[in-house]
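What follows is a single structure, written as C-alpha cells, with notes after it.
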Ligand code: SF4
Ligand code: SF4
Ligand code: SF4
C-alpha cells in the first residue's frame, strides 16, 4: 500500500530542444565578432513580473544598457538574445518554444532570474517545468530574485563575452581537527542569549543581531582593558556617541540587561 | 535653448559608470550568501529556514559524511539563512555579479564528517556540531566533572539517550517505591507494582 512514490515518476520529462553543430559554430563566431548592437527579446514564461521590472530599470537612463547597444525589441524575429524569465509554466511552454523558433539563428539564450535558472521559489510547484533549460538550451544564467539592474548588465556582458564569470563550482572538505570558534567565550552563555533576544526583540532579527554583536564586542573590550572607567560609564559613553536615537535606546536597554544580570535578577 | 542647456549642465550625468567602475551598493544589501565552511557546524538550521530549498543537506551514513550545498541559481536572497545560523557561518555579501555560463558553477558544496554515538557507535550528527555543542554546554558547567558529563551527553545519539532515560526513570521509580515501602513497614509487596 504505502510504497514511497518517486516524485520523478509523476512528472513528464521533456527533452529540451538541441542545436546542431553548425549553429554552435555560428554562435561562437557571433560571440567573437559581435561588432554591432545586440537586440534582446524578452520572453515571460510565468514569472511574478519582478524580473520584467528590473529589465526595464536596466534600460532607464540610470543604468542605460543601450549605451552598449543592448536594445529591447518587440518581436523575436529581430532578436539576437532571447531573455527567458519565469519558471516556465505548463501553459507557457509552447509560446516560449514558438518565440525560440521564431528567432533567427545564431541566437543567444539567457535564463533570467532565480525562476529562469532553476525554477527559484516556484521550483517544486505542480504547474511549472522549473527552469528555462528544461525546454531550450541556455547559454548564460543570471541568478537573482530579481537580478538588480547592475547584475543584469553584468549578465549581458558575460553573455556577449565582454566579462568573465566570477563564480566557480567549489567543494570544501572538512579538514582534520577543524572546529568552529565559540562566539564571545568571555560572556556567560545565559547573558549572551538574553542580550541577543532583547536586541532582536527591539530591532528585528538581522539588525538586532548586528547591534547585539557590537554591544558584546564593547562588553568584551571592557573586560580586556579595565581602565579607570566603570562598566556603566563605558555604556553611557557608547550611548552618548550614538547619533541614531533608536540605536541609542536599544544600547541603553542592553546595558540595563547587563546590570540586571550583574545584580542577579531574572529576565 | 540656453535655459535648456543650463538645465542639462546643472543636472549632470545620471548614468552610473558600471561595469567600467565598481558599483556601490547600499548598506544591508542582500547579495550572494557567502558561506564560510570553516565556521559551519552543519547543523542544518539554514537548510530548514531556506524557503526556496536553495540550501540542501545530504547525509551519507555509509561514507560517514554530510554534504551541505547551496544553489545560487535557486536562492531568492531573502536572508533567512543568515538569521538562523548559530555561528554566523553564512552571511549575505555585497556580491551581485553571479552570471555564469554553465549551471554547475552555481553550486557550492561543503563536506563534513559524521560523529559516532558514544554509546551505540552509529553515526548520528556532524562531528563539528557535536564538538561545538559540547564546548557551549561546558561553558556553563560548574566543574570539570560536569563538563565531562555534558560532553558525553552531547555525543550520545537521541535513541540511546531515550533508552538510558527509560532505564534511569525505571530505576528511580523502584528506588522510590522501595523507600516508600520501607517507611511504611509491614506491607511493601503491593506497592512495588505501581508505575512511577
Ligand atoms: S526570479 Fe523572483 S522576481 Fe523573477 S520572476 Fe521569479 S520570483 Fe519573480
Ligand atoms: S538567502 Fe534565502 S533563499 Fe537564499 S540561501 Fe539564504 S535562506 Fe535560502
Ligand atoms: S545554519 Fe550555519 S552552521 Fe548551520 S549548517 Fe547552515 S551555515 Fe552551517
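Readers should treat all values here as calculations from the given coordinates under stated rules, not as data from a laboratory. Since the structure is predicted, the reported quantities are computational estimates derived from the model, not experimental observations. So basically every Cβ, Gly included, is an ideal-geometry build from the backbone, and we count neighbours across all protein chains shown.
Spin-label pair residue A:28-residue B:3: with each label point 7 Å from Cα along the Cα-Cβ axis, the two points sit 6.0 nm from one another. If I fit a long axis through the Cα atoms of helix A:93-102 and take the longest principal axis of the Cα atoms of chain A, what angle between them do I get, 0 to 90°, rounded to 10? The helix A:93-102 is inclined about 60 degrees to chain A.
For chain B, the longest principal axis of the Cα atoms and the long axis of helix B:144-154 meet at an angle of about 70 degrees. Modelled label positions at residue A:73 and residue B:172, each set 7 Å beyond Cα in the direction of Cβ, lie 7.8 nm from each other.
Using only Cα atoms, figure out Rg for chain A and give it as a multiple of 2.2 N^0.38 Å.
Compactness ratio reported: 1.49.
On the principal axes of its alpha carbon atoms, the protein assembly as shown extends 106, 71, 38 Å, with the longest extent given first.
Counting Cβ atoms of other protein chains within 10 Å of each residue's Cβ and taking the mean over peptide B:68-74 gives 6. Ranked from largest, the principal axis spans of the Cα set of the stretch A:124-208 equal 56, 38, 33 Å.
Calculated FRET efficiency, residue A:101 to residue A:60, Cβ-Cβ distance, R0 = 30 Å: about 0.45 to the nearest 0.05. In the elastic network of chain A, a GNM with C-alpha springs shorter than 10 Å, the most mobile of A:58, A:232, A:75 is A:232.
log₁₀ I(q)/I(0) of the stretch A:1-157 at q = 0.09, 0.12, 0.15 Å⁻¹, via Debye over equal Cα point scatterers, no solvent, to two decimals? Evaluating at q = 0.09, 0.12, 0.15 Å⁻¹ gives log10 I(q)/I(0) of -0.30, -0.51, -0.77.
Between residue A:193 and residue A:237, residue separation times 0.36 nm minus the direct Cα-Cα distance comes to 13.5 nm. For the stretch A:116-267, the percent of C-alpha pairs falling in each 5 Å distance bin, counted from 0 to the bin holding the largest distance, reads 2, 7, 12, 13, 10, 7, 8, 10, 11, 9, 6, 4, 2, 0, 0. When you restrict to C-alpha pairs under 8 Å that are six or more residues apart and normalise by the size of chain A, the relative contact order lands at 14 percent.
Roughly what percent of Cα-Cα pairs across chain B reach past 20 Å? The calculated P(r) of chain B puts 72 percent of pairs beyond 20 Å. GNM on chain B, alpha-carbon springs under 10 angstrom: the most fluctuating residue among B:43, B:117, B:160 is B:160.
Using only alpha-carbon positions in the stretch B:117-185, the gyration tensor eigenvalues give semi-axes of 32, 17, 7 Å once each is multiplied by 5 and square-rooted (largest first). Between helix B:2-11 and chain B there is an angle of about 30 degrees, using the helix long axis and the longest principal axis of the Cα atoms.
Peptide A:130-136 has a mean shielding of 1, counted as Cβ atoms of other protein chains within 10 Å of each residue's Cβ. Dividing the summed helix terms, -39500 (n - 2.57) for each DSSP H run of n ≥ 4, by the number of residues in the protein assembly as shown produces a 222 nm estimate of -12000 deg cm²/dmol to the nearest 500.
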